[in-house]
Amino acid sequence: MGRVIGIDLGTTNSCVAVLEGNEPVVIHNQEGGRTTPSMASWNADGEVVVGAASKRQMVTNPQRTVFGVKRLIGRKATELAQLANRLPYKIVAAKNGDAWVDIAGTPRSPQEISAHVLAKMKRVAEDYLGQPVTEAVVTVPAYFDDTQRQATKDAGKIAGLTVRQILNEPTAAALAYGLHHQNNQRLAVFDLGGGTFDISILAIENGVFEVLSTYGDTALGGDDFDRVVIDLLADEFLASNNLDLRKDSVALQRLKEAAERAKIELSSAMTTDVNLPFIAAGAAGPLHLMRELERGQLERACKPLLDRLEAPCHRALADAHCTPADIDQVLLVGGMTRMPAVQERAQRIFGKPGSKNVNPDEIVAMGAAVHSGIMGGELQEVVLLDVTPHNMGVKVAGDRMSVVIPSNTSIPTRAKKVFATTEDGQTFVAIEIHQGADEQASRNRRIGRFVLGDLASAPRGRTKVEVSFTMDADGILEVTAVEVGTGRAATVTIEASSGLTADEIASLGMRVAR
Amino acid sequence: MAGADEARARATLVEMQSRISLGPHAALGIGEGASPEQVRAAFLTLTKTFHPARFGRMSPDVQRLSNEVFLGIKGAHETLLKMLGVPSRASATGSGSFARSTSPPPERTTQRMPALARPVTPPFGVKVGGVPRQGTPPQPDSGRVTATMPPVSQQPQPTVDERLELKRALDLMSARSWSAARQAMTSLAARVPTSKHYRALLCYTRGREAQAAGKGEEAVMELQRALQFDPELGQAKQALAELLRKR
């Protein structure tokens, strides 16, 4: 059997690692980088450019250069209206309402765009290993829902990769860290990446990594911090020049680059210069944006974002029945944790500084490679017990959500509940399966529906149906309903759909993995 | 090679499944008086072998089987900890299981019925419910785990001398009462799961039982497994040789 590679498919950067002699090794890309920008551009002649080459032409080709596609994957266009206003490329709604990207008149799915990045990572690994690679462990934010996970799997398929496991990013980081720190302990993994925030609490016990709880925010990451800087600069510019730079895609792209650079520099320096000559043309000639930015200014502007880090951490601790004092080690993962204000916030929450001896950009890919070793049998002494991050339940009368598998249940798991009919002579029940935290079922995501018919006609409440949820270790849910007494049964496996059909995936695959 | 690995994995899983069917102690391979620490340690050791991720590159039916087996191991662990009065961990709590009214078919008028409280009784090893979340009052009827223990005859009886039991099993083998011998060996192997000799004899009796039932292939597989556990098991060598010669 061929090798299984580990890929961290990040919002901003991606990284690939492989297990070599039971050690995860990060593989350099063809340009010599250990991480690759998660970007793809379509040139005028239709050629697709990925990674650093794509990033270089971001300024000259902004409408056909896509970054941060992870924020779109598995989402509806209507959910992203706010984000769409601030992107230089155009988001359109596909027939089923999914958010796609319009590139020079051709709508393209986030799965296809991600597939280009995954295909690049696959080639990087193949060059290094000198053999074809067809299997991968791919990481996603722990708080991703079913649709987002399935969309990521489909992106892998388009890229010619069988995704053997979708692994949660904070869990992956813990695996990589714990491989060499296997003493029994409790870890908090604080993962603030380019687009998402995850917090996971784990216990390591005799080589078994058990996730106790996980929480997160799928819309909080480095991009949001960049946007704060962009707004700060653009608002000032608007006030003094009466011109909104955000309306011009080339200016916005330059502003975004400068904002990101300034943010990064302010992690080590106290002040930095933003220097954007000829950013726009005014009535009196060219306009320039030049100013000094201080760390304090950045931190004040970012305070609302920093505040949003707190609640998920406290909820994760409570769900794990832990206090900050029970946590032995705090792992800081994701490029954003280089920001001193983020480190301070993590320290304030957990009462101890974050671990310094992990590389926040690479540890997730290394963990994915470790997991490939668990699957392949190379690493016999380590194994992972993960949890499901979302409530799974059934819609009951009054549009209420009756939770069958609560969030943070260790998987695989099986749970049952008995339901009763609500009407006299009711001969069938429709079972609607929902995922999410809201008590009102319709506000959660509906992930499946089926009908159990031919029930014995009886007064209401007399006929009972036992509904059983089985979730496997990969998070795939199977739901069975049995009429108590007669044994009449119906089963459905919830095939999360990413919105692409098998045919679409296959034909995209022909194009991407050519 | 992949096929051979998979056949071995399947056999290991099937064997574990039969252990699970003997009750939580047999499932975890521990004695009746095991402490919570021993229960936990046994669970962690089995997790390393039987977690579905270990079978993640195999065919879908092996993956499915591995999920079932691991659910059984988890169930045994939770049942035993509960019997020992150890509160389950946050991650291991299931839902409460008060019955609720199902939503009526959409085309009918919605009429809410009072919720019915009814404990759910899953088969052994399946976890339903557990310790209520913090802040919620205990719900005596919710989430009851029904540990359907196997019949007493299959339970290891600490009072019975192990050697006597083995002698009885060997006598049954001499009498070619393969089913009875297999049952006796199953109970012995469950009582002393560390004994490779017992496991070898268990596989041997299973093999002979299969042979008697005319299931040649299954017999060969079981006898080969017997020899994996104990390469010096003369009866198994002889039986296997005869079987292979006949084919």
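Since every read-out is calculated from the coordinates, none of them should be taken as a lab result. Here the structure is a predicted model, which means the values were calculated and not measured. Neighbour counts are summed over all protein chains in view; Cβ atoms, including those assigned to glycine, are modelled from backbone coordinates with ideal geometry.
A few comments on the model shown:
- The range A:262-357: mean projected area of Cα convex hull, nm²: 8.1 nm²
- Partner chain coverage, peptide A:371-381 - average Cβ within 10 angstrom: 3
- The calculated P(r) of the range A:467-508, using every Cα pair and 5 Å bins from 0, goes 5, 19, 18, 15, 15, 13, 8, 4, 2, 1 in percent.
- Karplus 3J(HN,Hα) series, Hz, for the range A:241-255 with 6.51 cos²θ - 1.76 cosθ + 1.60 (x for Gly, Pro): 10, 6, 9, 8, 5, 5, 7, 10, 5, 5, 5, 4, 5, 5, 5
- Put simply, the range B:160-231 fits an ellipsoid with semi-axes of 19, 15, 8 Å; these come from the alpha carbon gyration tensor as the roots of five times its eigenvalues, largest first.
- Filtered trypsin sites (Lys or Arg not before Pro), the range A:345-432: DSSP coil and at most 14 other beta carbons within 10 Å: A:LYS356
- Summary of the geometry: the range A:176-252 and the range A:30-108, compared by the centres of their Cα atoms, lie 20 Å apart.
- By the Stokes-Einstein formula, at 1.567 mPa s and 4 °C, the range A:171-281 with its Kirkwood radius over alpha-carbon pairs has D equal to 77 µm²/s.
- Classification of the range B:1-50 by its C-alpha gyration tensor yields an oblate form. The axis ratio a/c (a ≥ b ≥ c) is 1.5 or more, and b/c is at least a/b.
- Converting phi to 3J(HN,Hα) with the Karplus coefficients 6.51, -1.76 and 1.60 and the offset θ = phi - 60°, the range A:120-130 yields 5, 5, 4, 5, 4, 5, 5, 4, 6, 7, x Hz in sequence order, with x at every glycine or proline.
- The Kirkwood hydrodynamic radius of the range A:113-163, based on inverse pair distances between different Cα atoms, is 11.3 Å.
- Shielding score for A:429-442, defined as the mean number of other chain Cβ atoms within 10 Å: 1
- Angle in degrees between helix A:340-350 and the longest Cα principal axis of chain A, rounded to the nearest 10: 30 degrees
- Taking GluC sites (Glu not before Pro) across the range B:176-245, the ones in a DSSP loop with at most 10 further Cβ atoms lying within 10 angstrom of their Cβ are B:GLU232.
- Semi-axes of the equivalent ellipsoid for chain A, Cα gyration tensor, largest first, Å: 40, 27, 25
- Rounded to the nearest Hz, the phi-derived 3J(HN,Hα) couplings of the range A:370-379 under the Karplus curve 6.51 cos²θ - 1.76 cosθ + 1.60 (θ = phi - 60°) are 4, 5, 4, x, 5, 6, x, x, 5, 10, where x marks glycine and proline.
- Chymotrypsin sites (Phe, Trp or Tyr not before Pro) within the range A:203-275, DSSP loop, no more than 12 other Cβ atoms inside 10 Å: none
- Exposed loop positions in chain A were taken to be GluC sites (Glu not before Pro) whose DSSP state is not H, G, I, E or B and which have at most 15 other beta-carbon atoms within 10 angstrom. Between these positions, the longest stretch is A:48-377.
- Measuring between alpha carbons in the structure, the pairs from A:LYS417/B:LYS74; A:LYS70/A:LYS247; A:LYS464/B:LYS82 lying more than 21 angstrom apart are A:LYS70/A:LYS247; A:LYS464/B:LYS82.
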